[in-house]
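Undergrad: After the structure tokens below, expect a handful of questions from me.
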Amino acid sequence: MSDEEFEPLDPTLQNILDAKSLRWVFVGGKGGVGKTTSSCSLAVQLAKVRETVLIISTDPAHNISDAFSQKFTKVPTKVNGFDNLSAMEVDPNIGFAELPEEYFTGIGENDAWRSSKNVIQELLGAFPGIDEAMSYAEVMKLVKRMDFSVVVFDTAPTGHTLRLLSFPAVVEKGLGKLLRLKNQLSPLISNMARMFGGADSGFNPDLLSGRLEEMLPTIQAVNAQFRDPAATTFVCVCIAEFLSLYETERLIQELTKVGIDTHNIVVNQLLYQKTGEKPCSMCEARCKIQAKYLDQIADLYEDFHVVKLPLLEKEVRGVEAVTSFSANLVVPYKPV
């Protein structure tokens with residue numbers, strides 16, 4: 001075996017910037033480890049090498065507005081100072097009822113789909129996760145329609161993220177069941193519609209299922225893309241502490257189980273001793289703890305790109321601060 005095989009991988013995220021086929025980049029980890037700063041920094045770096053970049057926050061806490069000091073909504077909005085970087089905030093728990101009205105227009109002359117939202121909600125209640133998955137599917141359709149070169153997801157803490165990534169598979173299964181059910185119940189629904197509202201009541205089960213059938217190919221395509229390492233990758237963010245490392249290992253195992261590529265870890269909030277400066281006892285103790293967990297990370301993840309980011313004296317807020325901090329993703333940080 002040659003020595004090259006034992007050389008540690010480049011400690012940067014340059015591999016993501018170089019992978020021009022990537023369409024979806026997820027950034028996730030335990031709460032409070034700096035996922036938002038990392039994902040916004042990565043989006044800024046991607047904007048330098050890709051045509052159009054979108055960063056989506058799927059964390060109900062929505063911190064990308066704070067990171068860029070600019071209010072974002074559920075419609076993609078350009079980030080100040082960028083021509084090719086947009087941001088949007090989506091609540092994955094929003095459910096079907098609160099989706100913007102424009103998602104439901106133009107489906108039929110009488111808009112039966114929109115007028116029957118309540119009926120559909122009752123139906124969907126029978127399939128756990130479908131409610132969230134359909135709102136997610138609508139977001140994915142919106143993203144695909146706008147055709148961004150790459151989409152960065154600033155995800156919610158670990159549990160939510162794993163559920164989000166399994167949505168395409170859940171909804172694919174669920175919609176299949178719904179459509180089979182529709183074929184069995186369609187005559188019954190039509191008869192009831194005639195009984196209660198006459199033949200021209202405008203309630204047409206085919207219009208309802210048409211919308212579901214229309215979603216299925218999108219979801220199947222997304223499902224296939226999520227499992228394609230050339231199109232999708234997951235960046236794990238952690239800090240050098242036991243619980244965070246434990247959560248990262250669990251996340252990596254779950255991602256492997258569902259077939260999603262991951263080969264980058266960002267270790268955030270590291271204390272660096274300044275040269276020629278004697279650290280206080282607290283800093284010295286923290287540095288020892290860090291060193292222990294950094295050794296463990298090096299042993300566990302020798303086939304990963306491990307990026308080390310510093311704990312700064314100030315918060316990383318505003319486009320300028322994020323842009324400046326993002327340089328640490330491509331050039332390893334060295335304390336002054």
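Undergrad: Could you pull the Cα extents of region 226-280 along its three principal axes, largest to smallest, in whole Å?
TA: 49, 23, 10
Undergrad: Would you mind putting 230-236, 258-264 in packing order, based on average other-beta-carbon counts within 10 Å, highest first?
TA: Values: 230-236: 22.0, 258-264: 18.1.
The densest-packed peptide leads the list: 230-236, 258-264.
Undergrad: ASN84 to LEU216: FRET efficiency via 1/(1 + (r/R0)^6), r the Cβ-Cβ distance, R0 22 Å, to the nearest 0.05?
TA: Once rounded, the FRET efficiency stands at 0.10.
Undergrad: Same structure again: Listed highest first by mean packing, meaning other Cβ atoms within 10 Å per residue, what order do 50-59, 33-42, 217-226 come in? Don't skip to the end; give the middle numbers.
TA: Details: 50-59: 22.0, 33-42: 26.8, 217-226: 17.0.
Ranking the peptides 50-59, 33-42, 217-226 by packing returns 33-42, 50-59, 217-226.
Bear in mind these aren't lab numbers, they're just calculated from the coordinates by the rules spelled out. Here the structure is a predicted model, which is why all the values come from computation and not from measurement. Cβ sites come from the backbone with ideal geometry, for glycine too, and all protein chains shown count toward neighbours.
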